[in-house]
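The structure under discussion appears below in the form of structure tokens.
Read the figures in this text as sums done on the coordinates, not as results from a lab. Note that this is a predicted model, so its numbers are computed, not measured. Here the Cβ positions follow ideal geometry from the backbone for every residue, glycine too, while neighbour counts run over all protein chains shown.
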Amino acid sequence: MLHLKLETDPRWVTIVESNLEEILTDHAWCEQKAATNAITIITLNSEKEDLVTELLELAKEELEHFQMVHNIIKARGYTLGRERKDHYVNQLYKFMNKGGNRVQSMVDRLLFSAMIEARSCERFKLLSERIKDKELSKFYYDLMVSEAGHYTTFITFARQYGQDVDVDQRWKELVEFEGELIKSYGKNESIHG
């Protein structure tokens, strides 16, 4: 379903388990950034009522995920650390077409968002299957299902509003780009790292 070129090496979970406080802090900030991204898309495309309605719900859900992760952090006696840079997302952002027309820019932003959700979904699936912590295993399973829905939302809107753009070709290019990019990641205790 996700059409990712390269799956995460399962040994990444061992890295994650070595520092749960770090992965949870990184994850919390990923959820905050996902909510901010949805709001940015709304701001740039406010005339599209169905997109606004759907992404408002998505942004609220991402903030709820942020709160859920924060609650786990507090319950475990950890501290929500400072915001982390997401180098993966920053590299992925460079792929986006920033010089095209509004429709091309919107489609690229939606596909960029879909890719982040797809990779997060794939990582959450791996965590749900392999992490030894039963609470986190269940938590990441539930989030995997949610991220899959977000991926579908972004892809669907890209296709709906990208009639003048070859959305499938652009997605294929992004999948190829991400497939090369992800080879440099999976080596530290962060959601995309």
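Of the peptides 26-38, 108-120, 159-171, the order by per-residue mean of other Cβ atoms within 10 Å, starting with the highest, comes out as 108-120, 26-38, 159-171.
Per residue, the average separation of C-alpha pairs within less than 8 Å and at least 6 apart gives the range 109-180 a relative contact order of 39 percent. Mean separation of Cα pairs under 8 Å and 6 or more residues apart, divided by the residue count, gives the chain a relative contact order of 33 percent.
Segment L44..R102, full-extension length gain: 20.0 nm, with 0.36 nm per residue of separation and the alpha-carbon distance subtracted. Here, the range 1-159 has an Rg and a Dmax of 15.9, 48 Å when only alpha carbons are counted.
Given a Förster distance of 41 angstrom, what is the FRET efficiency for K172 paired with S18, based on the Cβ-Cβ distance and rounded to 0.05?
Efficiency for this residue pair is about 0.70.
With 0.36 nm allotted per residue and the present C-alpha distance subtracted, the R76-N188 stretch has 38.2 nm of extension available. Excluding same-chain neighbours fewer than eight residues apart, the lysines reachable from K134 by a Cα-Cα span under 16 Å are K125.
Taking a ≥ b ≥ c as the square roots of the eigenvalues of the Cα gyration tensor of the range 73-128, is the shape rounded (a/c under 1.5), prolate (a/b larger than b/c) or oblate? Because a/c hits 1.5 or more and a/b exceeds b/c, the range 73-128 counts as prolate.
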